[in-house]
1. What is the Rg over Rh value, at two decimals, for region 45-118, using alpha-carbon atoms and the Kirkwood definition of Rh?
2. Among 61-67, 127-133, 89-95, 75-81, how do they line up by average Cβ neighbours within 10 Å per residue, starting with the highest?
3. Taking a quarter of the surface of the Cα convex hull of region 83-136, what do you get in nm²?
4. Dipole size in debye (nearest 20) for the chain around its Cα centre, Lys and Arg Cβ +1, Asp and Glu Cβ -1?
5. Before I look further, what does the chain give for accessible area per residue, probe 1.4 Å, in whole square angstrom?
6. Which of Glu71, Glu109, Glu22 ends up with the largest GNM mean-square fluctuation for the chain, with Cα atoms connected below 10 Å?
7. Would you please report the Å³ per residue occupied by the convex hull of the alpha carbon atoms in the chain?
8. Whole-Hz Karplus ³J(HN,Hα) for region 50-63, in order, using 6.51 cos²θ - 1.76 cosθ + 1.60 and θ = phi - 60°, x for Gly and Pro?
Amino acid sequence: SDALKYDGKDICADISLAWNKESLFIGARVRDRQHIQRYLAGDIWRDDCMQFAVIPDLKAKNIMAPGGFGEGVWNFGAALCKNGPVLYRFQSGKRPPMICGTECVIKREGIYTTYELAIPWKNIGVTNPKPGDALGMSFVFFDNNDLSKKTARHYLALTEGLAGGQDASKFKIFILEAPRK
């Protein structure tokens with residue numbers, strides 16, 4: 001029956017994070033029976049995509065701004081679009097939006113979409129990452145199962161703070177660990 005096909009229950013995701021002195025690495029494998037992505041750049045959140053945000057300095061005073069995030073939050077969307085993978089940085093406060101030239105591999109195989117991102121620390125305002133550093137982070141996977149809809153009706157989130165209203169106070173805290181020997 002098609003009863004379950006369009007209820008948002010078909011999406012699940014595995015996320016992995018790693019880092020070195022140069023970059024933050026984000027990997028995700030998303031199970032979704034139908035991939036829909038009709039948009040580009042700042043509208044990719046309307047269809048199937050991964051959105052994530054990072055607060056590199058939890059003591060920053062510019063995390064929230066009127067109408068959304070301030071410059072202290074680095075907010076990104078990644079999607080497999082018609083012309084290939086796109087990594088987009090959304091506007092945060094006065095920081096303008098842009099398509100990023102960062103390493104971004106997104107593939108669709110069967111019912112899985114795989115995201116492999118390498119975000120240089122310098123691209124999120126970090127100059128010298130070290131074990132013990134704390135970051136605020138949130139992840140959401142948008143899922144649009146209906147071509148007649150102009151925006152995703154379903155999402156899977158690590159925590160609130162991105163979908164349903166921007167609120168950086170709801171992000172999870174991640175601590176950078178020393179490499180395992």
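1. Looking at region 45-118, the ratio lands at 1.03.
2. Working: 61-67: 13.0, 127-133: 10.9, 89-95: 18.1, 75-81: 23.3.
Result, highest mean first: 75-81, 89-95, 61-67, 127-133.
3. 5.6
4. Working: 25 positive and 20 negative charges, 57 e Å.
The dipole magnitude comes to about 280 debye.
5. 54
6. Comparing Glu71, Glu109, Glu22 in a Gaussian network model of the chain, the most mobile one is Glu109.
7. On the way: hull volume 22.2 nm³, N = 181.
About 123 Å³ per residue, rounded to a whole number.
8. Whole-Hz 3J(HN,Hα) from phi for region 50-63: 10, 10, 8, 9, 10, 10, x, 10, 5, 8, 4, 8, 10, 7.
The values are calculated or read from the model by the stated rules, or taken from the named source; none is laboratory data. Since the model is a prediction, treat every value here as computed from it, not as a measurement. Because the Cβ atoms are built from the backbone with ideal geometry, glycine has one as well, and the counts that use them run over all protein chains shown. Areas reflect the complete protein model, heavy atoms only, side chains present, ligands, DNA and RNA absent. Shrake-Rupley method; radii C 1.70, N 1.55, O 1.52, S 1.80 Å.
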